[in-house]
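Asker: Got a structure for you, written out below as structure tokens; questions coming shortly.
What follows draws every value from the coordinates through simple rules; no lab data is involved. The structure displayed is predicted, hence computed values, not measured ones. Using ideal geometry, Cβ is built from the backbone for each residue, glycine included, and neighbour counts are taken over all protein chains shown.
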Amino acid sequence: MLDPDSGRRQGLFQAAAMLASAHAFSAHERTEYEEVRRWFAENLEKPERLAVSSRPHAKAQAIGWFKDTSATHIANMRRFQHLLEAHDIAVSVLRTNRPGYVVYEDEFQVAAHPFANTPS
């Protein structure tokens, strides 16, 4: 499914949240979802901005990428992946050395507006 802001494939956070809000998870899956969501809330900063422009209300088109050194974060994203795949939602793992124009970066992640040839 395409994200309405970026026009790119939807990320796992958004896809899992949509399933949760649609009450599609079993009780066990809901517990798993909540545990993973809580883990990320405690262990990953929300990017300060996702738009290339610093203007107010600029369109948020950046895509989030985990750095290859963020093994624990990636492992927890795999938990989201398993939840989504259990509901027949295909998940692709994308890798790149050129994520695009970086608008946010921290120890674990990069948010970047993709170049034309960036996989997304």
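Asker: Go through (1) over 19 Å from Pro119 (Cα atoms); (2) in a loop (DSSP other than H, G, I, E, B); (3) in contact with a strand residue (DSSP E or B) (Cβ under 9 Å, 6 or more places away or on another chain); (4) without any contact (Cβ under 8 Å) to a residue 40 or more places away in the chain one by one and return the number of the condition Pro99 breaks.
Answerer: The number of the failed condition is (1).
Asker: Could I ask something else about it? In region 17-34, what count of residues is obtained for those that are without any contact (Cβ under 8 Å) to a residue 24 or more places away in the chain and outside any loop (DSSP other than H, G, I, E, B)?
Answerer: Of region 17-34, the ones without any contact (Cβ under 8 Å) to a residue 24 or more places away in the chain are 17-18, 20-23, 26-28, 30-31, 34.
The next check asks that each one be outside any loop (DSSP other than H, G, I, E, B); those that pass are 17-18, 20-21, 27-28, 30-31, 34.
Residues meeting the conditions: 9.
Asker: Also, I was wondering about something else. Can you find a residue in region 65-75 that is in a helix (DSSP H, G or I), surrounded by 15 or more Cβ atoms within 10 Å (Cβ to Cβ) and touching a residue at least 60 places away in the same chain (Cβ under 8 Å)?
Answerer: Checked region 65-75: no residue is in a helix (DSSP H, G or I), surrounded by 15 or more Cβ atoms within 10 Å (Cβ to Cβ) and touching a residue at least 60 places away in the same chain (Cβ under 8 Å).
Asker: What number of residues within region 32-51 satisfy the criterion of being under 16 Å from Phe66 (Cα atoms) and aromatic (Phe, Trp, Tyr)?
Answerer: 2
Asker: Does region 44-62 contain any residue that is in a helix (DSSP H, G or I) and surrounded by fewer than 16 Cβ atoms within 10 Å (Cβ to Cβ)?
Answerer: Scanning region 44-62 turns up no residue that is in a helix (DSSP H, G or I) and surrounded by fewer than 16 Cβ atoms within 10 Å (Cβ to Cβ).
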